[in-house]
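Asker: Below are the structure tokens for one structure; questions will follow.
The values are calculated or read from the model by the stated rules, or taken from the named source; none is laboratory data. Here the structure is a predicted model, which is why all the values come from computation and not from measurement. Backbone-built Cβ (ideal geometry, glycine too); neighbour counts: all protein chains shown. SASA here: full protein model, heavy atoms, side chains in, ligands and nucleic acids out. Shrake-Rupley method; radii C 1.70, N 1.55, O 1.52, S 1.80 Å.
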Amino acid sequence: MQTYQVPGIAIAIVKDGKVVLQKGYGVRKLGEPAPVDANTLFGIGSNTKAFTAAALATLVDAGKLSWDDRVYERLNGFEMYDPYVSREMRIRDLLCHRGGLGLGEGDLLLWPENSYTRDDIVYRLRFLKPATSFRSSFAYSNLMFVAAGQVVAKVSGESWDEYLREKIFLPLGMKDTNTRVDADRPGANYAFPHAVGDGKQRVISFVNVDSTGAAGAINSSAADMARWLLVQLDHGKIPGTGQQLFSEKSSKEMWAQQSVYPIDGAGFDSLQPLQPRFYGYGLGWFLHDYKGRKLVGHFGGVGGFVSRVMLVPEEHLGIAILTNAEVNSFESILYHILDGYLGGPTQDYIAFYRAMDDKARKDADATIQKAQQERAADSRPSLPLEKYAGDYSDPWYGKILIRVENGGLVLSLPLTDKNVTANLQHWQYDTFEAHWRDNATADAFVTFALKADGSIDHFTMAAVSPLTDFSADFQDLYFTPLPAVKGK
């Protein structure tokens, strides 16, 4: 916690059908004494995805759908950019990141907070151009899980949130777990989100991820996650009841590799001691091996929280680590615990991962510095600033505004709940650098392309830092000017 400046951590460990540990460490909020305990709620981000897969498994077990049903037959209006993919996309395809979209493509529909509903997001899938052919490669996709959640709602007749509460949380005794930011009330036992600013952790605002739903909206605690680990390791059997939450057949299906993730592209290059022999994705779960055992796990990150869940089925071992800071401190804890149970060689994982993080930051800083040195700093925009101002639209994201303000250009996202705004600083030629006033959104380059007559044809965006989260998918945007409205 000192090394990574993490205010609070909660950990659950289960082994051989029993809870070994469910405990909190540190504080819920920097500057305040309230401690983290086993019942403190954290955003678990993408660890939500396994819950969504389990919800669909209950519907499969009930005979209400099958993993290989066509999505459009279960979700009216579902449509992808390619008509063939629209017709052939199956339920299982939604859950294993092989739909042909690029990494994180369309995630700006989810963050920053905006007015899009889950149905709006599913509708806009038809405007996202594929990055690869269908089922040919792995690329992590939150939007496919949003669609999966809407399948749950359509087939069950309830919202995704209510279905999970009734069919998963309550049967498992996960009494505090919920799916909505506004479910946390003043005085409730929940952790506050934190992020690094000016080199130090600071409290940030809660991010409303209601539209994210099935991709990452769950809030849970160490105590509740321990129950989730137990039912997973017992192939769907609810502890102490003899009842099945989902069938053993469905359990094995969710843990079966559906998509291959090439090891050389999975970020293990500098992790030689942890290098797996296989790496892939099931239905809502990452799959790989460690010390001769199959691991079933996932990461999660959402606005000031990151989390880690890991199952070692052969050892009947499950681990959940919840934190209220945007740093990957959990890996150091995870592998320390794994080595404690599995034996064999070990190492100082805190130093190991810290060195990796430091190198990544150093390399990113060098990339940014190199770009700064090589840019044509004495160049000027091709047009007067007012010529860049106007209303623009991207086919899937929608409308943004560029205005002249105090002698400079300002870009704003009118669809966001907080009207996120960036100052555009000239970089070189017709490229500007967007510096977001909320300091939470990653800086981006904005590059304009002109027509032969000197008017603006379009502009594109790209992240400034190599460390920018993939969900800031600026590279997938293509904005063209909207016609001017008469009288304005």
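Asker: Sorting check: for 76-83, 100-107, 310-317, which peptide has the highest mean count of neighbouring beta carbons within 10 Å, and how do the rest follow?
Answerer: Final packing ranking: 100-107, 310-317, 76-83.
Asker: Continuing with the same structure: With charges only on Cβ, +1 for K and R and -1 for D and E, what is the dipole size of the chain about its Cα centre, in debye, rounded to 20?
Answerer: Rounded to the nearest 20 debye, it is 600 debye.
Asker: Could you look at the stretch 318-396 and say what percent of its accessible area is carbon and sulfur, using a 1.4 Å probe and all protein chains?
Answerer: Accessible surface attributable to carbon and sulfur in the stretch 318-396 totals 53 percent.
Asker: Now a separate question. Considering amide H positions built from the backbone, and no H for Pro or chain starts, which residues 5 or more places from Leu295, or on another chain, come under 5 Å of its amide H?
Answerer: Excluding prolines and chain starts, which carry no amide H, the hits are His288, Asp289, Tyr290.
Asker: List the residues whose amide H sits under 5 Å from the amide H of His458, counting only those 5 or more places along or on another chain, with H placed 1.01 Å from N in the peptide plane.
Answerer: Hits under the 5 Å cutoff: Ala449.
Asker: Give me the accessible area of Asp457, 1.4 Å probe, in Å² rounded to the nearest 10.
Answerer: 50 Å²
Asker: Let me ask you something else. Which pairs, out of Lys15/Lys291; Lys18/Lys249; Lys29/Lys294; Lys167/Lys291; Lys15/Lys237; Lys64/Lys167, put more than 26 Å between their alpha-carbon atoms?
Answerer: Flagged as over cut-off: Lys29/Lys294; Lys167/Lys291.
Asker: Give me the percent relative contact order of the stretch 248-391, please, defined on Cα pairs under 8 angstrom at least 6 residues apart.
Answerer: Here the relative contact order equals 11 percent.
Asker: Just how far, in whole angstrom, is the stretch 167-243 from the stretch 30-107 if you go by their alpha carbon centroids?
Answerer: 16 Å
Asker: Identify the trypsin sites (Lys or Arg not before Pro) of the stretch 372-451 meeting these criteria: DSSP loop state and at most 11 other C-beta atoms within 10 Å of the C-beta.
Answerer: Answer in residue order: Lys451.
Asker: Can you classify the stretch 67-162 as rounded, prolate or oblate using the Cα gyration tensor, where a ≥ b ≥ c are the square roots of its eigenvalues, rounded means a/c under 1.5, and otherwise it's prolate if a/b beats b/c and oblate if not?
Answerer: Oblate, because a/c is 1.5 or more while a/b does not exceed b/c.
Asker: A follow-up question, please. Rounded to the nearest 500, what is the chain's calculated 222 nm mean residue ellipticity when only DSSP H runs of at least 4 contribute -39500 (n - 2.57) each, over all residues?
Answerer: -7000 deg cm²/dmol
Asker: Kindly provide the GluC sites (Glu not before Pro) of the stretch 108-164 that DSSP labels as loop, not H, G, I, E or B, and whose Cβ sees at most 15 other Cβ atoms within 10 Å.
Answerer: Answer by residue number: Glu158.
Asker: I'd like to check one number: the per residue accessible area of the stretch 1-81, probe 1.4 Å, reported in Å² as a whole number.
Answerer: 42 Å²
Asker: Just check the chain against the gyration tensor rule for me: Cα atoms, a ≥ b ≥ c as the square roots of the eigenvalues, rounded for a/c under 1.5, and otherwise prolate or oblate depending on whether a/b exceeds b/c.
Answerer: prolate
Asker: Considering only DSSP states other than H, G, I, E and B, which trypsin sites (Lys or Arg not before Pro) in the stretch 105-203 qualify as loop sites with at most 13 other Cβ atoms within 10 Å?
Answerer: Answer in residue order: Lys175.
Asker: Something else: Relative contact order of the stretch 35-118: what whole-number percent is it, with Cα pairs under 8 angstrom and at least 6 residues apart?
Answerer: Result for the stretch 35-118 is 19 percent.
Asker: Pull up the cross-link candidates among the lysines for Lys387, meaning alpha carbon to alpha carbon under 28 Å and not fewer than 8 places away within one chain.
Answerer: Lys399, Lys418, Lys451, Lys486, Lys488
Asker: Whole-Hz Karplus ³J(HN,Hα) for the stretch 10-20, in order, using 6.51 cos²θ - 1.76 cosθ + 1.60 and θ = phi - 60°, x for Gly and Pro?
Answerer: Once rounded to whole Hz, the list reads 10, 10, 10, 10, 10, 8, 6, x, 10, 7, 8.
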